[in-house]
Amino acid sequence: MSGLLVVEQCLNGLQFGVMLFLMAAGLTLVFGIMNLVNLAHGSLYMVGAYLAVAFLKWTGSFAAAVGLALLGTLAVGMLVEVVALRTLYERDHLDQVLATFGLILFFNELVAIVWGRAALFTTVPPALAGFVEIVPGIRYPAYRAVIILVGLAVALLLYVVVSRTRLGMLIRAGASNRTMLAALGVNVRLLYTVVFGFGAALAGLGGIMAGPIYTVLPGMGEEILIEVFVVIVIGGIGSIRGALVGAVVVGMVDTLGRAFLKPMLSSVLGPSAADNAGPALASMLIYILMAAVLYFRPQGLFPAARG
């Protein structure tokens, strides 16, 4: 196990972590202010990936495809909030879970009707197809490095918006006491629509960036959604800071576990036993981590402050 391989896998873990953060940030923002459990958040990730592929074929420009796909996902999110979710805010979480699970089925069938059930493949844009030298001797794919930078930039932007702007003030006030916010004359319904739309856009951005790395196919959002919920539980429900820390931790643990757990076990248990136990244990690591965090900190690492 070389030091260069460890550094490369740590970078892969960070890249996976910031992609999880884009999903987790939107989901925890929606839950924090709207108290809405949205299982269909992964479907918006899928919609972003499909729209990016479609717009790339239409325009031939990756940058244009990213911009149009972001706007498209924002519009889809706001439409879903107005049409399907607005009546669920005063309902209990079980009703929200059932309704948003129905949206998962709807979106999976919709993309299958429009684009078919076969997987779609897209390539990394030529400008980002090469490598960058992180440190002497370590060359890392430029596209994955851009994903890391974009994720960190989004985290900084979210911090500024939530803590330094009027919109952020309204978001924090809505999370603390939406009744008082409405009494002060704020259009809470419009605020909810805007917040949900931007949460959808963050999920769509994750799908857009995932397209050139992973396969774009119906149902691609469900698997990552499970890991996103793990991130939110570890970081603290409703906390953007917790979503960032939890996403990086989960990304690192998952990536390093899959890369190194099997070789480590083979030196102790033997190659045959490691072949059987290694992949299974690696896939369980993030859930073991979640259980440990919940045991010591039931509200997560950075629980959101409640007024």
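The values are calculated or read from the model by the stated rules, or taken from the named source; none is laboratory data. Values in this document were obtained by computation on a predicted structure and should not be read as measured data. With ideal geometry, Cβ positions are generated from the backbone for all residues, glycine too; neighbour counts draw on all protein chains shown.
Looking only at residues in the stretch 278-306 that are of a type in the set (Gly, Ala, Ser) and closer than 21 Å to residue 25 by Cβ, the one that is modelled with the highest pLDDT is 300.
Annotation: of all residues in the stretch 79-102 being touching a residue at least 40 places away in the same chain (Cβ under 8 Å) and surrounded by 19 or more Cβ atoms within 10 Å (Cβ to Cβ), the one that is farthest from the chain's Cα centre (by Cα) is 88. Is it true that residue 185 is exposed (fewer than 12 other Cβ atoms within 10 Å of the Cβ) and in contact with a helix residue (DSSP H, G or I) (Cβ under 6 Å, 6 or more places away or on another chain)? Spelling it out, it is not the case that residue 185 is exposed (fewer than 12 other Cβ atoms within 10 Å of the Cβ) and in contact with a helix residue (DSSP H, G or I) (Cβ under 6 Å, 6 or more places away or on another chain).
Yes/no per residue for (1) assigned to a helix (DSSP H, G or I); (2) touching a strand residue (DSSP E or B) at 6+ places or on another chain (Cβ under 8 Å); (3) closer than 25 Å to residue 65 by Cβ:
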| site | (1), (2), (3) |
| --- | --- |
| 123 | no, no, yes |
| 134 | no, yes, no |
| 140 | no, yes, yes |
| 143 | yes, no, yes |
| 150 | yes, no, yes |
| 157 | yes, no, yes |
| 179 | yes, no, no |
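Among the residues of this structure, residue 18 does not count as one that is within 21 Å of residue 85 (Cα to Cα), in contact with a helix residue (DSSP H, G or I) (Cβ under 6 Å, 6 or more places away or on another chain) and either at pLDDT 90 or above or buried (at least 21 other Cβ atoms within 10 Å of the Cβ) (or both).
Remark: pairs (first residue in the stretch 111-136, surrounded by 11 or more Cβ atoms within 10 Å (Cβ to Cβ); second residue among the aromatic types (Phe, Trp, Tyr); Cβ separation under 7 Å; 6+ apart in sequence or on different chains) = 111/50; 115/50; 124/143; 125/62; 128/143; 131/140; 132/140; 134/140.
Those residues that are surrounded by fewer than 17 Cβ atoms within 10 Å (Cβ to Cβ), closer than 30 Å to residue 51 by Cβ and among the small types (Gly, Ala, Ser), I need them from the stretch 146-181; list them, please. Of everything in the stretch 146-181, those that are surrounded by fewer than 17 Cβ atoms within 10 Å (Cβ to Cβ), closer than 30 Å to residue 51 by Cβ and among the small types (Gly, Ala, Ser) turn out to be 153, 168. Each residue in the stretch 32-61 was checked for being in contact (Cβ under 8 Å) with a residue 40 or more places away in the chain, within 25 Å of residue 117 (Cβ to Cβ) and part of a helix (DSSP H, G or I), and 15 of them qualify. Between 171, 147, 134, the distinction of being over 23 Å from residue 44 (Cβ atoms), β-branched (Val, Ile, Thr) and touching a helix residue (DSSP H, G or I) at 6+ places or on another chain (Cβ under 8 Å) belongs to 134 only. Looking across the stretch 23-53 at every residue that is surrounded by 24 or more Cβ atoms within 10 Å (Cβ to Cβ) and of a type in the set (Phe, Trp, Tyr), the one that is farthest from residue 250 (Cα to Cα) is identified as 50.
Criterion applied to 37, 53, 30, 66 was being of a type in the set (A, V, I, L, M) and in contact with a strand residue (DSSP E or B) (Cβ under 9 Å, 6 or more places away or on another chain), and the one residue passing it is 53. Restricting 13, 26, 67 to residues that are under 29 Å from residue 238 (Cβ atoms), modelled with pLDDT of 90 or more and assigned to a helix (DSSP H, G or I) narrows the list to 13.
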